[in-house]
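The values are calculated or read from the model by the stated rules, or taken from the named source; none is laboratory data. All values reported here derive from a predicted model rather than from experimental measurement. Virtual Cβ from ideal backbone geometry, glycine too; neighbours counted across all protein chains shown.
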Amino acid sequence: MNELLKSRAGLVLIVFLAAGGFLLAYEHRAHIFTGNGILIGLLAVCIGMHLFMHGGHGGHGGGGHNEHDRKDRDDDDREQR
């Protein structure tokens with residue numbers, strides 16, 4: 001990836017993407033700057049839920065169950081059979 005960014009083709013790509021992004025934003029500026037309060041609020045709520053809800057289940061991928069809890073559940077399942 002670094003090689004592409006340092007090459008002439010990479011530089012041309014960056015310039016074209018920047019120019020395209022600028023023109024797109026300029027042409028749609030009326031839509032970008034109006035009515036985004038709701039979208040920004042929803043984004044803030046999502047970020048807040050993501051940050052605060054991780055305290056309840058132990059972070060990414062944890063699901064609130066550690067190895068000890070899994071062994072207890074497995075033992076309980078075996079006893080019920």
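What single numbered condition from (1) loosely packed, with under 10 Cβ neighbours inside 10 Å; (2) at pLDDT 85 or above fails to hold for His68?
All conditions are met except number (2).
What's the number of the condition Glu3 fails, among (1) at pLDDT below 65; (2) loosely packed, with under 10 Cβ neighbours inside 10 Å?
(1)
Does any residue in the stretch 27-50 that is on the phi < 0 side of the Ramachandran plot and free of Cβ contacts under 8 Å to residues at least 12 places away in the same chain come within less than 9 Å, Cβ to Cβ, of a residue that is among the aliphatic types (A, V, I, L, M) and surrounded by 10 or more Cβ atoms within 10 Å (Cβ to Cβ) six or more places away or on a different chain, and which pairs are these?
From the stretch 27-50, the pairs are Ile32/Ala25.
Name the single residue that is modelled with the lowest pLDDT among those in the stretch 7-43 being aromatic (Phe, Trp, Tyr) and part of a helix (DSSP H, G or I).
Checking each candidate, the answer is Tyr26.
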